[in-house]
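Trainee: Handing you a structure now.
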Amino acid sequence: MTEFVKPSIEYFELWPLLVVFGVACLGVVVEAFLPRTLRYPVQVVLALGGLALALVGVVLVAQDVQTYEDGAARGILAVGGTIAVDGPSLFIWGLVLALSIAGVLLFAERHLDGGVSAFAGQAAAVPGTDAETASIAANREHTEVYPLMVFAVFGMMLFPAANDLLTMFVGLEILSLPLYLLSGLARRRRLLSQEAALKYFLLGAFSSGFFLYGAALLYGFAGSMDFAAINEAVRNDVGSSSLLLIGTGLMSVGLLFKVGAVPFQAWTPDVYQGAPTPVTAFMAAGTKVAAFGAIMRLYYVALGADRWSWQPMLWIIAILSMFVGAALAITQSDIKRLLAYSSVAHTGFILTGVLGVQASGQLATGEISSVQAVLFYLATYGFATIGAFAVVGLVRDGGGETTAIDRWAGLGKESPVVAGVFAFFLLAMAGIPLTSGFVGKLAVFSVALAAGAWPVVVAAVLASIIAAFLYIRVIKVMYFDEPVGAGPSVAYPSVLTATTIAVGVAVTLVLGVLPGPVLDLAAVAGEFIR
């Protein structure tokens, strides 16, 4: 008879996770017992305070477990080996929390829509009915969005830190379910928002099914859910190679869906367009960071010994993502859909970094590892993306938010600052020198070249040229096209949105001019522990 062994829980190392989970649960209690008039300020303060406290916890934990020496990975396996608290996990935790704090500021903005938030007053009301009209007249709003967002943050932190298949699936679902709900809560264009949420939910459910079935096959191959045990089984070739290949492919479907890689990108433009702009900003930045952390942990830790099986697949998906994303972005007439396809292209660029040299111990002096390059690229992409979507929320046409690109004509004359900031973010996404995007692309291209993936790098350079055209096209519309009708207007935000945009600009500029400190921080993070 097998005896149950009580797992040890490393509370200090898991402090950031526990704080975020506790704040999310406390937010639910606030919704249940506080009067409606007090919920908004309490939820905003609670979310901001909890995320900031968790970020402080990440710094303290990093100082405690950081013993990086000679390129070796350092960290601990917590809760019986199910959660890996190592350098990459802590870097991703810190990045997700920083982006989430910016996301809360966008969620809390009320100045852009006449004193109400971007979220529906009563989600259950059918669009166009008397119930919805009454909720708008009463200035109701869904303050439940704050605990939902914090639960999603908890999932984004658990997902890349998971050290076994079951924990990774739990993290995937915790981050996904709140986003399905948040995508359908737009105050304006409700039908489009609800359609986006339904598409996201259905396709997300299918992708989760693929992931879970793939996990079952990998368990059948290795006889264990643990990543280190799976890697050992692969190394020793103990099971059926068919189970391994099919399981890897099915799990890859679930993971690549979350980052919007081709051919699993169909949900991306619809959801980015239909979701409330603050949700789009938070989702576009945070989800990609967390999902790429999980992708690297699965491929490097669990399937590192089977690199020659999954690497050709990533070559093809990276090339397709870059070209399909850039090509379809050119045809878009909506700025949020354009940024959605741009994110698909960026997924291909980041996958180029995943193909690089894995272990820093194998590197020559001055070279960087693929983990270091991908972490840096995620930092550059996250802040540029959340800043760009924050600017999108400012542009108005007749009182409401306008995302039609032709309605942005003349924005450079109407508001030179807003147009200049958005152009700066677009140039960063294009990879223009002196922006963070240039250094990020240089990093991922260099590690891919060092690993011999030069065809992917050549494709990435060509895709970058195509993508640059679409970004310059938007800049041309803002500065050189004649406005349609009265032209666009700009709703000047409160300090909340202004802070998010300012931080995005500052990080994008600093990482383009002085990337060394963040690259060094990513290097100190080291590699994934096993």
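The values are calculated or read from the model by the stated rules, or taken from the named source; none is laboratory data. Since the structure is predicted, the reported quantities are computational estimates derived from the model, not experimental observations. FYI the Cβ positions are ideal-geometry reconstructions off the backbone, even for glycines, and counts take in every protein chain you see.
Trainee: Taking the options 342, 321, name whichever one is more than 13 Å from residue 470 (Cα to Cα), buried (at least 19 other Cβ atoms within 10 Å of the Cβ) and in contact (Cβ under 8 Å) with a residue 60 or more places away in the chain.
Mentor: 321
Trainee: When you look at residue 182, is it crowded, with 21+ Cβ neighbours inside 10 Å and in a helix (DSSP H, G or I), yes or no?
Mentor: In short, yes.
Trainee: If you don't mind, another one. Give the stretch 467-481 a look and list any residue that's without any contact (Cβ under 8 Å) to a residue 40 or more places away in the chain and crowded, with 16+ Cβ neighbours inside 10 Å, or say none.
Mentor: The answer is 468, and nothing else.
Trainee: Hey, among 484, 505, which residue is surrounded by fewer than 20 Cβ atoms within 10 Å (Cβ to Cβ) and under 24 Å from the mean Cα position of the chain (by Cα)?
Mentor: Testing whether each residue is surrounded by fewer than 20 Cβ atoms within 10 Å (Cβ to Cβ) and under 24 Å from the mean Cα position of the chain (by Cα) leaves just 505.
Trainee: Here's a check for you: in the stretch 393-411, which residue that is part of a helix (DSSP H, G or I) and surrounded by fewer than 21 Cβ atoms within 10 Å (Cβ to Cβ) is nearest to the chain's Cα centre (by Cα)?
Mentor: 405
Trainee: In contact (Cβ under 8 Å) with a residue 24 or more places away in the chain, assigned to a loop (DSSP other than H, G, I, E, B) and farther than 26 Å from residue 29 by Cβ - does that describe any residue in the stretch 199-216?
Mentor: Checking the stretch 199-216: not a single residue is in contact (Cβ under 8 Å) with a residue 24 or more places away in the chain, assigned to a loop (DSSP other than H, G, I, E, B) and farther than 26 Å from residue 29 by Cβ.
Trainee: Taking the stretch 423-461, which residues are surrounded by fewer than 22 Cβ atoms within 10 Å (Cβ to Cβ), under 15 Å from residue 346 (Cβ atoms) and either touching a residue at least 40 places away in the same chain (Cβ under 8 Å) or of a type in the set (Lys, Arg) (or both)?
Mentor: 430, 438, 459 - these are the residues of the stretch 423-461 that are surrounded by fewer than 22 Cβ atoms within 10 Å (Cβ to Cβ), under 15 Å from residue 346 (Cβ atoms) and either touching a residue at least 40 places away in the same chain (Cβ under 8 Å) or of a type in the set (Lys, Arg) (or both).
Trainee: Could you grab me the full set of residues in the stretch 127-147 that are in a helix (DSSP H, G or I), modelled with pLDDT of 75 or more and surrounded by fewer than 24 Cβ atoms within 10 Å (Cβ to Cβ)?
Mentor: The one that is in a helix (DSSP H, G or I), modelled with pLDDT of 75 or more and surrounded by fewer than 24 Cβ atoms within 10 Å (Cβ to Cβ): 147.
Trainee: How many of the residues making up the stretch 482-501 are more than 21 Å from residue 378 (Cβ to Cβ) and part of a helix (DSSP H, G or I)?
Mentor: Residues flagged as more than 21 Å from residue 378 (Cβ to Cβ) and part of a helix (DSSP H, G or I) within the stretch 482-501 amount to 5.
Trainee: Could you check the stretch 410-436 and list, in sequence order, the residues that are of a type in the set (A, V, I, L, M, F, W, C) and either in contact with a strand residue (DSSP E or B) (Cβ under 7 Å, 6 or more places away or on another chain) or farther than 22 Å from residue 113 by Cα (or both)?
Mentor: Selection gives 411, 418, 423, 424, 425, 426, 427, 428, 429, 430, 432, 434.
Trainee: Aromatic (Phe, Trp, Tyr), within 30 Å of residue 486 (Cα to Cα) and either modelled with pLDDT of 90 or more or touching a strand residue (DSSP E or B) at 6+ places or on another chain (Cβ under 8 Å) (or both): which single residue out of 341, 381, 377 fits that description?
Mentor: Only one candidate qualifies: 341.
Trainee: Same structure again: Inside the stretch 508-526, can you point out the residues that are out of contact with any Ser or Thr (no Cβ under 6 Å at 6 or more places or on another chain) and buried (at least 16 other Cβ atoms within 10 Å of the Cβ)?
Mentor: 515, 518, 519, 521, 522, 523, 525, 526 - these are the residues of the stretch 508-526 that are out of contact with any Ser or Thr (no Cβ under 6 Å at 6 or more places or on another chain) and buried (at least 16 other Cβ atoms within 10 Å of the Cβ).
Trainee: Restricting to the stretch 217-242, name every residue that is acidic (Asp, Glu) and either part of a helix (DSSP H, G or I) or under 30 Å from residue 185 (Cβ atoms) (or both).
Mentor: Once the filter is applied, which keeps residues that are acidic (Asp, Glu) and either part of a helix (DSSP H, G or I) or under 30 Å from residue 185 (Cβ atoms) (or both), the stretch 217-242 yields only 232.
Trainee: Quick check on this structure: which one of 437, 487, 452, 526 is within 21 Å of residue 99 (Cα to Cα) and of a type in the set (Gly, Ala, Ser)?
Mentor: Exactly one residue qualifies, and that residue is 437.
Trainee: Sticking with this structure for a sec: Hey, can you tell me all the residues within the stretch 351-374 that are among the hydrophobic types (A, V, I, L, M, F, W, C) and either modelled with pLDDT of 90 or more or crowded, with 21+ Cβ neighbours inside 10 Å (or both)?
Mentor: 351, 354, 355, 357, 368, 371, 373, 374
Trainee: Can you name every residue in the stretch 7-43 that is touching a residue at least 60 places away in the same chain (Cβ under 8 Å), surrounded by 18 or more Cβ atoms within 10 Å (Cβ to Cβ), within 26 Å of the chain's Cα centre (by Cα) and outside any loop (DSSP other than H, G, I, E, B)?
Mentor: Within the stretch 7-43, 16, 17, 20, 21, 23, 24, 27, 43 qualify.
Okay, residues lined up against (1) closer than 15 Å to residue 350 by Cα; (2) part of a helix (DSSP H, G or I); (3) not charged (D, E, K, R):
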residue	(1), (2), (3)
244	no, yes, yes
248	no, yes, yes
264	no, no, yes
278	no, yes, yes
287	yes, yes, yes
306	no, yes, no
325	yes, yes, yes
328	no, yes, yes
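Trainee: Among the residues that make up the stretch 299-317, is at least one of them crowded, with 24+ Cβ neighbours inside 10 Å, touching a Gly at 6+ places or on another chain (Cβ under 7 Å) and not acidic (Asp, Glu)?
Mentor: No, there is no match, as no residue in the stretch 299-317 is crowded, with 24+ Cβ neighbours inside 10 Å, touching a Gly at 6+ places or on another chain (Cβ under 7 Å) and not acidic (Asp, Glu).
Trainee: Restricting the stretch 163-179 to residues that are among the hydrophobic types (A, V, I, L, M, F, W, C) and farther than 20 Å from residue 250 by Cβ, which is surrounded by the most Cβ atoms within 10 Å (Cβ to Cβ)?
Mentor: 179
Trainee: Here is a follow-up. With respect to residue 275, is the statement that it is small (Gly, Ala, Ser), within 21 Å of residue 157 (Cβ to Cβ) and at pLDDT 90 or above true?
Mentor: In short, no.
Trainee: Among the residues of the stretch 61-72, is any of a type in the set (Val, Ile, Thr), closer than 23 Å to residue 152 by Cα, in a loop (DSSP other than H, G, I, E, B) and at pLDDT 80 or above?
Mentor: Looking through the stretch 61-72, none of the residues is of a type in the set (Val, Ile, Thr), closer than 23 Å to residue 152 by Cα, in a loop (DSSP other than H, G, I, E, B) and at pLDDT 80 or above.
Trainee: If I ask for residues that are buried (at least 20 other Cβ atoms within 10 Å of the Cβ) and farther than 18 Å from residue 230 by Cα, which ones from the stretch 79-90 would you list?
Mentor: 85, 86, 87, 88, 89, 90
Trainee: Of all residues in the stretch 417-460, how many are touching a helix residue (DSSP H, G or I) at 6+ places or on another chain (Cβ under 7 Å) and outside any helix (DSSP H, G or I)?
Mentor: 5
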